[in-house]
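**Q** Take a look at the following structure, please.
The values are calculated or read from the model by the stated rules, or taken from the named source; none is laboratory data. The shown structure was predicted, so the numbers you read here are calculated from the model rather than taken from an experiment. Cβ coordinates were reconstructed from backbone atoms using ideal geometry, including for glycine residues, and neighbour counts include every protein chain displayed. Just so you know, the surface numbers come from the protein's heavy atoms only, side chains and all, with ligands and any DNA or RNA stripped out. Shrake-Rupley method; radii C 1.70, N 1.55, O 1.52, S 1.80 Å.
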Amino acid sequence: MNEKAFGYAEKLGLVSPNIEPSSPGAKQCDVTRTFLELSSPQQLVPGQQPSVPAALERIDPCPVETWRGLYRRIGAPWHWNDRDAWDQNAIAAHLARPEIRIYRMTAELGEDSTDAVGFLELEQHTDGSVEIAYIGLDQHVLRRRLGAWLVSEAVRAAFAWGAVRVWLHTCTLDAPAALPNYLARGFLVTRAETYSARVRY
């Protein structure tokens, strides 16, 4: 992210804190949730090509266990737990909705090769917008420029689906690089809010 964008995020208090998700115990903390959007494909500032070959593929249909595996693997370090209570039927019904598209990111990593290094869920809304509902990378593939590429591809997929605008929200429990990445890709902050949450560190 350039200095201007970083300064803007810092001024709003939106730069993610350093959090150790695996440390024991839980405590109440204030969390800032930030909403961002792109109103046209021309606003996208593509990231650099990743340092390893990568691809984004739609999983259609997406089995419940595949979705669960990606959700837990990618989201666990960043407190993705809002759907932990969903049973098999609830997840299956969600994945069957035509407004939902699930993608898996793959990358060629040599001996560390894996078939699932990233996860993307798009949701189409009645106002014509497409939300990037979930997006993230496996921890062991960071620092390969995959994050910027994944966000760029997510935006392209959303607009190709017919989005009139693409939006998402992130929070200060997310990866520290998430918000800077979105701002660097051309997303603009539309609003921010603070709420209290009990977080396990």
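**Q** Grab the beta carbon distance between Ala76 and Trp161, set R0 = 30 Å, and tell me the FRET efficiency rounded to 0.05.
**A** 0.60
**Q** Leaving ligands and nucleic acids out of the surface, order His94, His140 by accessible area at 1.4 Å, largest first.
**A** Order by accessible area, largest first: His140, His94.
**Q** When the Karplus curve 6.51 cos²θ - 1.76 cosθ + 1.60 is applied with θ = phi - 60°, which whole-Hz ³J(HN,Hα) does each residue of the stretch 154-162 get, with x for Gly and Pro?
**A** 5, 5, 4, 5, 5, 5, 5, 7, x
**Q** Would you please give the FRET efficiency between Thr194 and Ser129, computed as 1/(1 + (r/R0)^6) with r the Cβ-Cβ distance and R0 = 30 Å, to the nearest 0.05?
**A** Step by step, r from the Cβ atoms, then E = 0.80.
**Q** Hey, another quick one. Take the alpha carbon gyration tensor of the stretch 22-111, find the square roots of its eigenvalues, order them as a ≥ b ≥ c, and report rounded if a/c is under 1.5; if not, report prolate when a/b exceeds b/c, else oblate.
**A** rounded
**Q** Within the stretch 88-141, which GluC sites (Glu not before Pro) sit in a loop by DSSP and count at most 14 neighbouring Cβ atoms inside 10 Å?
**A** Sparse-neighbourhood loop GluC sites (Glu not before Pro): Glu99, Glu108.
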